[in-house]
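The values are calculated or read from the model by the stated rules, or taken from the named source; none is laboratory data. Fair warning: this is a prediction, and the values are worked out from it, not measured in the lab. Ideal geometry is used to build each Cβ from the backbone, glycine not excepted, and the neighbour counts take in all protein chains shown. SASA here: full protein model, heavy atoms, side chains in, ligands and nucleic acids out. Shrake-Rupley method; radii C 1.70, N 1.55, O 1.52, S 1.80 Å.
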Amino acid sequence: MIRLETVSTTDALTHLALSGRLDIEGVNAVESEFARTINARKRSTIIDLSDLQFIGSLGVGMLIACAKGLRLHKAVMVLLGPQTLVEETLRAVGVEALILIARDHSQALELLRRE
Amino acid sequence: MGRELRLTLRNELAELARHGEAVRQFLEENGAPPRVIYVIDLALEEMLSNVVKYAHPQGGVHEIELALQFEPGRLIVTIADDGAPFDPRGFPRYDTSTLLGERSRGQLGIHLVRRLVDEMSYSRQAGRNRVQLAMRL
């Protein structure tokens with residue numbers, strides 16, 4: 001099961017959280033709303049993954065597609081606090097070439113300041 | 001509590017979710033490390049969904065056989081289907097440096113399996129694909 005939550009929105013930032021399993025079912029359940037929220041705001045986006053237990057290739061693809069869209073608007077995506085195995089999956093694809101990964105909220109904000 | 005699990009799945013995506021929990025539970029009950037459980041969970045999602053989506057272009061109901069077996073020092077996972085020939089080892093390599101360019105999502109799945117499992121082998125006999133994955137324990 002997957003859960004998508006909007007944590008906060010400001011003029012400069014969108015902060016979302018994904019929890020549970022971003023497997024095939026999970027992507028089917030949240031992809032439209034996820035993309036709609038990010039694409040509508042076109043702001044740099046923090047995605048809290050600290051409670052995400054699993055991500056498959058479709059989930060990785062979902063993140064990449066939205067991150068590419070943000071780059072077109074000179075905005076970036078930061079993944080916050082991914083669990084060890086989720087982070088290993090993300091780095092096995094090389095997402096760090098496009099998407100920032102932060103240990104905690106302070107580091108996320110620091111990475112965004114540098115962009 | 002056995003050391004082998006055998007399942008037969010229909011070639012439908014809903015079957016993956018239905019049996020995924022049984023696989024995870026089997027692995028946990030038999031003391032598989034968390035990373036092994038995660039990697040096999042991921043590998044099965046990718047490999048089985050590929051069979052469901054691509055193995056039978058003409059459609060129809062088909063069965064996929066799944067077996068998980070603990071051997072000394074290794075977990076062996078075998079996936080067998082009667083679909084079109086497909087050797088995942090021969091799938092084009094995913095180039096992570098082209099992440100920013102056009103990319104087929106389909107390539108990501110096989111890439112992840114290749115990167116994360118310890119061993120992968122393939123054979124085809126009597127019209128059946130047989131992929132075997134192994135993880136060191």
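General remarks:
- Between the stretch B:67-82 and the stretch B:1-57, the alpha-carbon center distance in angstrom: 11 Å
- Percentage relative contact order, chain B, counting C-alpha pairs under 8 Å, at least six apart: 27 percent
- Peptide A:90-98 - average C-beta neighbours from other chains (10 Å radius): 4
- The stretch A:35-115, relative contact order [Cα under 8 Å, separation at least 6], %: 34 percent
- Gaussian network model of chain A, Cα within-10 Å springs - most flexible of A:Leu58, A:Leu72, A:Leu49: A:Leu72
- With contributions of -39500 (n - 2.57) from each DSSP H run of at least four residues, the per-residue ellipticity at 222 nm computed over chain B stands at -12000 deg cm²/dmol.
- Taking every protein chain into account, the 1.4 Å probe leaves B:Tyr38 with about 20 Å² of accessible area, to the nearest ten.
- Chain B: most fluctuating residue of B:Ala22, B:Ala43, B:Ala126 per GNM, C-alpha cutoff 10 Å: B:Ala126
- Here the label points at B:Arg74 and B:Asp118, each 7 Å from Cα along the C-beta direction, are separated by 0.9 nm in the simple model.
- At least 15 Å along the helix axis (C-alpha) and Kyte average at least 0.5, DSSP helices within chain B: B:34-54
- Sorting B:68-74, A:83-89 by average packing, meaning the other beta carbons within 10 Å per residue, from highest down gives A:83-89, B:68-74.
- The dipole here belongs to the stretch A:1-92: it is taken about the Cα centre, uses +1 on the Cβ of Lys and Arg and -1 on the Cβ of Asp and Glu, and is about 480 debye.
- With helices as the sole contributors, chain A gives -15000 deg cm²/dmol at 222 nm; each DSSP H run of n ≥ 4 counts as -39500 (n - 2.57), and the sum is divided by every residue.
- Calculated FRET value between A:His73 and B:Lys53, using beta carbons and R₀ = 35 Å, to 0.05: 0.60
- Once the C-beta distance of B:Ala84 and A:Asp11 is scaled by a Förster radius of 45 Å, the resulting FRET efficiency is 0.30 to the nearest 0.05.
- Relative intensity, log₁₀ I(q)/I(0), of the protein assembly as shown from a Debye sum that treats every alpha carbon as a point, q = 0.08, 0.10, 0.15, 0.17 Å⁻¹: -0.33, -0.51, -1.06, -1.28
- Note on A:59-67: average number of Cβ atoms from other chains within 10 Å of each residue's Cβ is 3.
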